[in-house]
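Written out below as structure tokens is the structure these notes cover.
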Amino acid sequence: MKHLNRIVCFLLIAAIMLCSCGSEAKRTTQPYGEGAPSLYKAFEGKFRVGAAINSWDLDDPTSWNYQTIVQQYNTLVLENESKPDAIHPSEDQYYFDKFDKFVDFCEEHNITPRGHTLIWHSQVPGWFFKDGNQDASAELVLERIKEHVTTIVSRYKGRVKSWDVVNEVIGDGEQLRFSDWSRLVGDADGDGDKYDFIEAAFIAAHEADPDARLMINDYSLESSTDKAIRMYNAVKKMLEDGVPIDGVGFQMHIGNGIDYDAMKENYEIIARLRDINPDLMIEVTELDVNCYGWGEEKKDVEVTKEFLEQFSKTYTDVFKLMLELSDEGILDSVVMWGYYDGASWLNDGHQNYPMLIDKDHNLKDAYWDVLELAD
Ligand code: XIL
């Protein structure tokens, strides 16, 4: 009897030790190396998982950055180096070296490169809008759009699979954002809408690479039903006019906490565009979780237990919906805007907590919670 008790006790302790070792081994914190998990592998067959990076991340194949990127992602985008001011700073100068290096890297590692972005009101050089000291005419701006888009898209024909052809063109209160593009081009074709600069960009991109996925990308589509409806109306009108729009990008710069049902409803509004273009796709293009609200006073983030639970729930809510959309066949790519807290654009003077990998290079619990959704 005494012996039996001892044996039972021993077995119990051994079982507890095994369990705790098991879960520790499972939730490792290293994003690469032996036994490391992989986000993209976990979601293979559902959607690609990606990140925004910078070309310098690719300089040293032995570096933490390089190894992490290769292990975790199967789609990538450049954070700044493929924007108009970087690629085409003056009318007769193009700089393609960073983008070339990026696309070569992607091909070498079987990663799908995205192109961000051809036309945007921000990070765009002023020459596009000038004719000497005067404003450029609608005709001249349209000509420049055509030249710019054709040159870039045709250079990467068959290689860059998905382009944010236009970025942030929908208004926050009005239908269309007021920008130099919309102001100067206006309703050039006289058909009653001012989508003409957008149409010109899509048409040129389609001519340059008919197989590339051409996207219209914007923020707050998941949280503002009004904005989702404005996006729906704009794309509907352009599709009906024969403009080759293949998809809508949800940037998804979200806060810590999201209303799941509202988010789902807003995605469904955009999904209804499939009544007009049955092949239309949705992509998540810039996901991150800001721990501060817009306009809120910033301090270094306090990572409490409640905060972490909420953070994990925010990410898992998003990935749950993405799995649903992938099952419906309308979504095949989820890209995060950065890949670890240390390099996020949201660290403007204060430490933020936006990504699934922390500033010290460790996988967060939220990373594992997301990963386990894929099981
Ligand atoms: C941001 C970059 O992350 C910053 O480094 C840069 O200073 C400004 O642009 N929406 C977009 C992205 O479409 O291009 C922006 O990227 C973030 C918001």
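Out of the residues in region 42-96 meeting the condition of being open to solvent by 30 Å² or more (accessible area, probe 1.4 Å) and basic (Lys, Arg), tell me which one is farthest from the ligand (Cβ to nearest atom).
Lys46
Yes/no per residue for (1) more than 16 Å from the ligand (Cβ to nearest atom); (2) modelled with pLDDT of 95 or more:
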{"site": "Met238", "(1), (2)": "yes, yes"}
{"site": "Val243", "(1), (2)": "yes, yes"}
{"site": "Asp275", "(1), (2)": "yes, yes"}
{"site": "Val289", "(1), (2)": "no, yes"}
{"site": "Glu296", "(1), (2)": "yes, no"}
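Table: residues versus (1) in a helix (DSSP H, G or I); (2) open to solvent by less than 10 Å² (accessible area, probe 1.4 Å); (3) not polar (S, T, N, Q).
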| site | (1), (2), (3) |
| --- | --- |
| Gln310 | yes, no, no |
| Tyr315 | yes, yes, yes |
| Val318 | yes, yes, yes |
| Gly329 | no, no, yes |
| Asp332 | no, no, yes |
| Leu371 | yes, no, yes |
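For region 316-337, which positions are of a type in the set (D, E, K, R) and either free of Cβ contacts under 8 Å to residues at least 60 places away in the same chain or over 10 Å from Glu283 (Cα atoms) (or both)?
The answer is Asp317, Lys320, Glu324, Asp327, Glu328.
Out of everything in region 334-369 that is of a type in the set (S, T, N, Q) and open to solvent by 30 Å² or more (accessible area, probe 1.4 Å), what residue ends up being nearest to the chain's Cα centre (by Cα)?
Asn347
Taking region 128-145 only, how many residues are aliphatic (A, V, I, L, M) and within 21 Å of Ala86 (Cα to Cα)?
Counting residues in region 128-145 that are aliphatic (A, V, I, L, M) and within 21 Å of Ala86 (Cα to Cα) gives 3.
Let me spell it out: the conditions are (1) farther than 24 Å from Val169 by Cβ; (2) assigned to a helix (DSSP H, G or I), and Val303 meets all of them except one. Which number is the exception?
Status for Val303: all satisfied but (2).
What pairs come up if the first residue lies in region 278-307 and is open to solvent by 30 Å² or more (accessible area, probe 1.4 Å), the second is among the charged types (D, E, K, R), and their beta carbons are under 8 Å apart, counting only those six or more places apart or on different chains?
Asp279/Asp246; Lys298/Asp348
For Ala204, are the conditions met, namely being of a type outside the set (Asp, Glu), open to solvent by less than 50 Å² (accessible area, probe 1.4 Å), more than 16 Å from the ligand (Cβ to nearest atom) and under 28 Å from Thr151 (Cα atoms)?
Criteria met by Ala204.
Within region 254-287, can you find the residues that are farther than 22 Å from Lys236 by Cα and of a type outside the set (Phe, Trp, Tyr)?
Of region 254-287, the ones farther than 22 Å from Lys236 by Cα are 254-261, 286-287.
Result: Ile254, Gly255, Asn256, Gly257, Ile258, Asp259, Asp261, Glu286, Leu287.
Can you tell me which residue in region 164-180 is least open to solvent (accessible area, probe 1.4 Å), limited to those that are more than 18 Å from His253 (Cα to Cα) and assigned to a loop (DSSP other than H, G, I, E, B)? Break it down stepwise before answering.
Let us first name the residues in region 164-180 that are more than 18 Å from His253 (Cα to Cα), namely 165, 173-180.
Next cut, assigned to a loop (DSSP other than H, G, I, E, B) only: 173-175, 177-179.
Working: Gly173: 65, Glu174: 95, Gln175: 62, Arg177: 49, Phe178: 152, Ser179: 15 Å².
Looking at residues that are more than 18 Å from His253 (Cα to Cα) and assigned to a loop (DSSP other than H, G, I, E, B), I get Ser179.
How many residues, within region 47-57, are under 18 Å from Ile282 (Cβ atoms) and assigned to a loop (DSSP other than H, G, I, E, B)?
Final tally of qualifying residues: 1.
For Ser223, are the conditions met, namely being of a type outside the set (Phe, Trp, Tyr), crowded, with 16+ Cβ neighbours inside 10 Å and touching a His at 6+ places or on another chain (Cβ under 7 Å)? Spell out how you get there, then give the answer.
Working: of a type outside the set (Phe, Trp, Tyr): yes; crowded, with 16+ Cβ neighbours inside 10 Å: yes; touching a His at 6+ places or on another chain (Cβ under 7 Å): no.
Answer is no for this residue.
Any residue at all in region 122-144 that is buried (at least 18 other Cβ atoms within 10 Å of the Cβ), modelled with pLDDT of 95 or more and within 16 Å of the ligand (Cβ to nearest atom)?
yes
The values are calculated or read from the model by the stated rules, or taken from the named source; none is laboratory data. Given the structure is predicted, the values throughout are model-derived calculations rather than measurements. Please note: Cβ atoms are built from the backbone with ideal geometry, for glycine as well, and neighbour counts cover all protein chains shown. Side chains included, ligands, DNA and RNA excluded: accessible areas come from the protein's heavy atoms. Shrake-Rupley method; radii C 1.70, N 1.55, O 1.52, S 1.80 Å.
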